[in-house]
Amino acid sequence: MKTRLIAFAGFASLLMAGTAYSEPVNITFWHMEQPPHRVQRMQELLDEFNKAHPDIMVKQEPQSWGEVYAKAPAAFAAGTGPDLLFGIPDFTTVIKGIDAVVPVDDLAKEMESKHGFVPATIAPYQYDGHTWAIPAYNMAISMWYRNSEFKAAGIEVPKTWSEWKAAAEKLSVDGKYGVGLPANKQLYTDQTVYALMVNSGAQDIYNEDGSISFDKPETVSAFETYGALQKLSPPDSTSWTWGEAEACFASATCGTILQFSVINTYETQAEADPADLGVAPVPHADDMTESGTISYSNAIMLTTKDEAKQAAAKTFLAWLLEPANYGRFLTMEPGLFLPVTNDGAEAESFWSDPVVTKYKSQVETMIANSKNGKLFGFTTGKVFPSIGAISGQNVIAESLQKMVVDGDSAADAVKYGQQKMSEIAGK
Amino acid sequence: MRTGIAMSNPRLAFLFVAPALAFLAAVLGWPLVQAIILSFQNVGVIGTAGSWVGFDNHVSVLGGLGFWNAFGRSAIWVVGNAAVQTALALGVALILNQKFPGVRIARTWIILTWIVPTVVVVIIWRWLLSTSGGMVNPLLIQAGVIDRPVGFFATREGSMASLIMINSWRWFPFTALMMLAGLTRIPSDLYEAARIDGASAIKRFTRITWPLLQPTLLVLGIVGTLLSFNVFDVIWLLTAGGPSQATQTLPVLIYETAFKGYRLSEAATVSVLTSLLLMGFALLATRAMTASEDAR
């Protein structure tokens, strides 16, 4: 009997030891927030989460947007993909296309009832009967300017395209450019062109049946206006990405630009005078009454089939959206990342950030603009797989270049875009 | 006449080169085989399954304008780079072949642009050529060359020319050092004899330097063409093939097709066809080089 007791005690202690030293569930998290200060803030949050959840270990592996479209599918094919993956709506369609993403319906429902999502941020991830990602932060294009320059030129903040063009012409003096709009075959140009398309009623690029509806008078009108404004932009704007536009604004060479945010650049490389920094909705067509914009809701996909990892990953996502943590997540890049939840938009952890506090009125305007955000390919409630390739190949920007670089008319450039998109959709 | 181990014990010689061959087969041969297989399928996104489509991709690529237009741009890119780099490198090599104080330092410093990482080169030139604070536009305006800032990547022609200049700026030191090595192999007594015979500097260059530099130039021509043809990073980072596809060379087309258009098999087809073109060129150039050596 004594021997049995000793054996039982020994077995029990072994089991306990095994429990005490059991490995935590490891979660690999790929995100594309590469700048060191963002990685550092993310690590601070992960350290805090991992400490509070000893049975889970979330590890970040920063990637670049330039590579992830090729790298993630290859990693999933090789069985080395992450468990959580940052994404934007069109990238999500690519990952869904290779069957690597798991629906997060239950978690989305729970987070919706607890925090309340801004509808424009979750809608691009809800199709085919499921929610495919949990929104993390929002970005929306606004028009940026300097109050002092407008005042000196006697300009009111433009609300319509005609007013914007007139303002840009007035600001184009002494080697300065009234507006800085890109015409590169790149995502930034897709975004700025679409920001005008939204404002002329050309936001839908698909019909209900999946055919392309790019070629319409509203798109042509947006292209015509963009072309006219682009002539007032610096001559090298055909090779611009986001950085060059911000630099042009920071150096006061450009009077107005369309950008997600210039706060960081303005704070670190320009005057850093919040009273002078102006932000307004993107002007709309003269026959429209309300401004809209393009918004990119960045979200996190669950990309593991392992149930234990799924549960651990969901615990992490729920923790991240808690207002006490969420504000610090958003302010990894203060003044750029906007809240996707209603309580996140009021979180003390967000508004207490020094930069957000300093530029409070600008951030409030950005948040207001983001609520009218739309994204090409995700406006009709139906999502078609070809949007990944249409976005990836920057067809909107390529069509614009037909007009800006090759001298085609707006109508011909739009016709080219329709043809190219239809080809892609047909493949 | 062949001598040594290769003739006396071919098996042992093969054993020596076998590891290198195995390595090359693993890192080059296997991907090439995979690319060939992919080119006969219809795979879209990497990692997804595809079915066999025979020569459909090849017919489609060779019958479309995209491949041939990109090939044409690649040809312009290669010829442009060859011309600019040869001119710059030859001039610098001739200077560095002279004896003057600091020549050793100059020979070392000349490789600076070559060792700078591509991304740094791109950032430097983007900034220099920018119309918002860049240095080149104000300098050209001050010099009276232009009267207002110009966009170096704004037009089709300007974009390709700017890229060629930037890439040549980066690579000409390598070419210059190769040429310098070739120049140092030319016996100095030939120049002395020519001087005694009263040959001018131009005559010495055209009758001695240029002909005796031909083997080096031929090798550089082959290697440089292959290297230039495959340049992707500088083009992608500076123009991404734009504006309006003006700088979309074959490597850019392959990348865009595979990773932007998600047509992996089509991209593999372009890759295989490009490889065949380059192999054909290398074969012809090597034969020409051998014939040239035999003639000497």
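The values are calculated or read from the model by the stated rules, or taken from the named source; none is laboratory data. Bear in mind the structure is a predicted one, so any value in this text is a computation, not a measurement. Note: ideal-geometry Cβ built from the backbone for every residue, glycine included; neighbour counts use all protein chains shown.
Of all residues in region A:302-309, at least one satisfies being more than 18 Å from the chain's Cα centre (by Cα), part of a helix (DSSP H, G or I), of a type in the set (D, E) and assigned by TED's automatic domain parsing to the domain that holds A:K59. Of the helices (runs of 4 or more DSSP H) contained entirely in region B:149-223, those carrying at least 1 residues that are modelled with pLDDT of 90 or more and under 26 Å from B:I235 (Cβ atoms) fall at B:156-184. Residues of region B:120-130 being part of a helix (DSSP H, G or I) and either surrounded by fewer than 16 Cβ atoms within 10 Å (Cβ to Cβ) or within 14 Å of chain A (Cβ to nearest Cβ) (or both), which ones? Matches in region B:120-130: B:V120, B:V122, B:I123, B:I124, B:W125, B:R126, B:W127, B:L128, B:L129. Could you please let me know if A:L321 is within 14 Å of chain B (Cβ to nearest Cβ), over 15 Å from the mean Cα position of the chain (by Cα) and modelled with pLDDT of 95 or more? No, not satisfied.
A single entry from A:S370, A:S352 fulfils the requirement of being surrounded by fewer than 16 Cβ atoms within 10 Å (Cβ to Cβ), farther than 22 Å from A:V94 by Cβ and touching a residue at least 12 places away in the same chain (Cβ under 8 Å): A:S352. Contact map, region A:57-82: first residue not assigned by TED's automatic domain parsing to the domain that holds A:G392, second residue in a loop (DSSP other than H, G, I, E, B) and surrounded by fewer than 17 Cβ atoms within 10 Å (Cβ to Cβ), Cβ cut-off under 6 Å, separation 6 or more or different chains; pairs are A:M57/A:P24; A:P62/A:Q34; A:S64/A:Q34.
Conditions (1) within 30 Å of A:T93 (Cα to Cα); (2) without any contact (Cβ under 8 Å) to a residue 24 or more places away in the chain; (3) of a type in the set (S, T, Y); (4) surrounded by 13 or more Cβ atoms within 10 Å (Cβ to Cβ), marked per residue:
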{"site": "B:T216", "(1), (2), (3), (4)": "no, no, yes, yes"}
{"site": "B:L237", "(1), (2), (3), (4)": "yes, no, no, yes"}
{"site": "B:A268", "(1), (2), (3), (4)": "yes, no, no, yes"}
{"site": "B:D294", "(1), (2), (3), (4)": "no, yes, no, no"}
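None of B:G134, B:G144 is modelled with pLDDT of 90 or more, in the same structural domain as B:T249 (by TED's automatic domain parsing) and either under 22 Å from B:D233 (Cβ atoms) or not in a helix (DSSP H, G or I) (or both) except B:G144. Considered as a group, the residues in region B:246-266 that are polar (S, T, N, Q) and closer than 25 Å to B:I164 by Cβ include one that is surrounded by the most Cβ atoms within 10 Å (Cβ to Cβ), and that residue is B:T249. Could you tell me whether any residue of region A:260-282 is without any contact (Cβ under 8 Å) to a residue 40 or more places away in the chain, polar (S, T, N, Q), farther than 18 Å from A:Y145 by Cβ and surrounded by fewer than 24 Cβ atoms within 10 Å (Cβ to Cβ)? Yes, region A:260-282 has at least one match.
Test of understanding: among A:A272, A:A228, which residue is over 21 Å from A:V405 (Cβ atoms) and of a type in the set (A, V, I, L, M, F, W, C)? None of the other options fit; the residue is A:A272. When each of A:S251, A:S221, A:S239 is tested for being farther than 19 Å from A:T365 by Cβ, within 14 Å of another protein chain (Cβ to nearest Cβ), small (G, A, S) and in contact (Cβ under 8 Å) with a residue 24 or more places away in the chain, the lone residue that passes is A:S239. If you go through region B:252-265 and keep only what is touching a residue at least 60 places away in the same chain (Cβ under 8 Å) and more than 9 Å from chain A (Cβ to nearest Cβ), you end up with B:V252, B:L253, B:L264, B:S265. Given the criteria in contact (Cβ under 8 Å) with a residue 12 or more places away in the chain, assigned to a helix (DSSP H, G or I) and assigned by TED's automatic domain parsing to the domain that holds A:K382, does A:A108 qualify? In short, no.
Of all the criteria given as (1) surrounded by fewer than 24 Cβ atoms within 10 Å (Cβ to Cβ); (2) of a type in the set (A, V, I, L, M, F, W, C); (3) closer than 30 Å to A:K159 by Cα, the one not satisfied by A:V340 is (1).
Residue count for region A:382-403 satisfying the condition of being within 13 Å of chain B (Cβ to nearest Cβ) and within 12 Å of A:V193 (Cα to Cα): 7. If the condition is being out of contact with any strand residue (DSSP E or B) (no Cβ under 8 Å at 6 or more places or on another chain) and buried (at least 24 other Cβ atoms within 10 Å of the Cβ), then region A:154-183 contributes A:P182, A:A183. Could you run through region A:327-353 and say how many residues are within 25 Å of A:E246 (Cβ to Cβ) and either at pLDDT 95 or above or not in a helix (DSSP H, G or I) (or both)? Number satisfying all stated conditions: 17. Quick check on my filter: what residues within region B:93-119 are in a helix (DSSP H, G or I) and within 19 Å of the chain's Cα centre (by Cα)? Correct list: B:A93, B:L112, B:T113, B:W114, B:I115, B:T118, B:V119.
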